[in-house]
Amino acid sequence: MLKEGEMSLEQLYKMLHVSKRKAAWMLNNGIIPCQIRPTKTHRYIILREDVEAYLQKKRAERRKEIPVGIFNAKPTKQKVVINNNRPMDTVDLAECFVTIADECKDDFRKHVEKRLQYFPDAITADKAADIMGYAKNTVHSYIQQKRIFAVQISGKYILPKSALVEFLIDDFAFEIIHKSTWHINTILTFTKKNKPSHTNEDDF
């Protein structure tokens, strides 16, 4: 049962004039703050004041938070497996579900650790968002969903760099449909690492 000041998912998508799928995506990715419960019904606890704060943003700003074309069509059902025998390209990552072969996971962990080697061992959630190229609300949402381990200190989420590594090698991160440029480059440089090519130090 909703408490005073709370909204349901149905009320949200009707208020925003968007599809139920789009409204759920906005909640899951932290575009609109909410509490997500591990239940099949009444999963989202949404505060009306958070929705009103979202609506007060300029339309151009709101559009930037949602990738262009994300709700125009469903993603391809084809699955691409990353392995040592198959280089990938941006089209693979943009149009397919991606997973990684078990025998490659240790090497991919080392690859991610190398890309993060110059950052401190403990970072804020906002810094993690800047590194990965995702919206700060999205990273905060992943923390609240326990996808990324972090502790709250003086009102800020702090996470060990190792938690960021664990997130990026997890199946959940591979299954993100609309990956950031940094995330895509992390995967692409891994698949091409055995091919002779010039590597720009700025990529790391």
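Laboratory data are not the source of any read-out in this text; all were calculated from the coordinates shown. Nothing here was measured: the structure is a model prediction, and the numbers come from that model. Glycine also receives a Cβ, built like all others from the backbone with ideal geometry; neighbour counts cover every protein chain displayed.
Neighbouring Cβ atoms within 10 Å as the yardstick, rank VAL98, VAL165 fewest first.
By the 10 Å Cβ count, ascending: VAL165, VAL98.
Using the Cα centre as the reference, give the magnitude of the dipole from point charges on the C-beta atoms of the range 6-64 (Lys, Arg: +1; Asp, Glu: -1; all else neutral), rounded to the nearest 20 debye.
That gives a dipole near 380 debye.
Applying 1/(1 + (r/R0)^6) with R0 = 30 Å to the Cβ-Cβ distance of VAL151 and LYS57, what FRET efficiency is obtained, to the nearest 0.05?
Working from the Cβ atoms, E equals 0.55.
Can you tell me the order of 17-24, 166-173, 53-60, 134-141 when each peptide is scored by its average per-residue count of other Cβ atoms within 10 angstrom, highest first?
My ranking of the peptides, most packed first, is 134-141, 166-173, 17-24, 53-60.
Pairs LYS105/LYS136; LYS105/LYS192; LYS136/LYS161; LYS110/LYS161: which exceed 21 Å Cα-Cα?
Result: LYS105/LYS136 exceed 21 Å.
HN-Hα J couplings of the range 175-190 from phi, Karplus 6.51/-1.76/1.60, θ = phi - 60°, integer Hz, Gly and Pro as x?
7, 4, 6, 9, 7, 6, 4, 4, 5, 4, 5, 4, 6, 5, 5, 5
Would you order MET7, MET15 from fewest to most other beta-carbon atoms within 10 Å of each residue's own beta-carbon?
Listed from fewest to most nearby Cβ atoms, that is MET15, MET7.
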